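The values are calculated or read from the model by the stated rules, or taken from the named source; none is laboratory data. Small disclaimer: the values here were computed from a predicted structure and weren't measured. A quick note on method: Cβ atoms are made from the backbone with ideal geometry, for glycine too, and the neighbour counts reach across all protein chains shown. Surface areas here come from the heavy atoms of the whole protein model, side chains and all, with no ligands, DNA or RNA. Shrake-Rupley method; radii C 1.70, N 1.55, O 1.52, S 1.80 Å.
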Amino acid sequence: MMNNHTITIVFACKQNAGRSQIAAAIARQQAPAYIHIVSAGTTPAEHIHPQVMQALMQRGLSPVNLTPQLLTDEIVAQADWVITMGCGEACPVYPGKHYVDWPVADPAHASSLEVEAIIADIEGRVRDLLQRIQS
C-alpha cells in the first residue's frame, strides 16, 4: 500500500520504562517508514527497567528514547493513534484520535520469564495494530 501521509502512533504507559518502550521498539522494527513511533509516560521513571532493556537488547531491539519521557498534550495532539497501557485517566484525550487501551501486565517487578511473556503479548498486539492501520 502506498501512503503519502505519515501516521504517528504513541505508545503510553505510566513510567515509560517498560510496556510503552517494548511496544515502541517492536513497532519501530516492524512498521513501514511512513509510520512514526513515539513512546512516553504520564509519570516517567528515571531509567528504563533493566530487565526490559536486557530483553530488548537480546532481541536486537533498542528503545525509541533511552530516557523515559513525559507524555505531553503536544505529543497526543500530533498522534493519529494513542495506545495506552495502564495510564488510565491520566492520558490526555483529543477528539479525532484512535485510542486503544491494552491490558498488559507491568514488567516493573516481573521475573525475566514474566517479562518474556509480556513481550510476546505486546508483540502480538503490535502486529495486529500495524495490520489494522495498513489495511
Worksheet entry | Options His49, His5; residue that is over 10 Å from the mean Cα position of the chain (by Cα), under 18 Å from His98 (Cβ atoms), of a type outside the set (Asp, Glu) and open to solvent by 10 Å² or more (accessible area, probe 1.4 Å) | His5
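Return the residues of the range 52-76 that are open to solvent by less than 30 Å² (accessible area, probe 1.4 Å), closer than 25 Å to His98 by Cβ and modelled with pLDDT of 90 or more; say none if nothing qualifies. Walk me through it before giving the result.
First, the residues of the range 52-76 that are open to solvent by less than 30 Å² (accessible area, probe 1.4 Å): 52, 55-56, 61, 63, 65, 68, 71, 76.
Next cut, closer than 25 Å to His98 by Cβ only: 61, 63, 65, 68, 71, 76.
Scanning the range 52-76 gives Leu61, Pro68, Leu71, Val76.
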Discussion item. Suppose we filter the range 30-39 for residues that are surrounded by 20 or more Cβ atoms within 10 Å (Cβ to Cβ) and in contact with a Ser or Thr (Cβ under 7 Å, 6 or more places away or on another chain); how many remain?
Written reply: 2
Worksheet item: If you go through the range 96-107 one residue at a time, do you hit one that is surrounded by fewer than 16 Cβ atoms within 10 Å (Cβ to Cβ) and modelled with pLDDT under 90?
Response: yes
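When you check Ile83 against the structure, is it touching a Phe, Trp or Tyr at 6+ places or on another chain (Cβ under 6 Å) and closer than 22 Å to Gln131 by Cα, yes or no? Please lay out each step first, then the result.
Details: touching a Phe, Trp or Tyr at 6+ places or on another chain (Cβ under 6 Å): yes; closer than 22 Å to Gln131 by Cα: yes.
Considered against the rule, which asks whether it is touching a Phe, Trp or Tyr at 6+ places or on another chain (Cβ under 6 Å) and closer than 22 Å to Gln131 by Cα, Ile83 comes out as yes.
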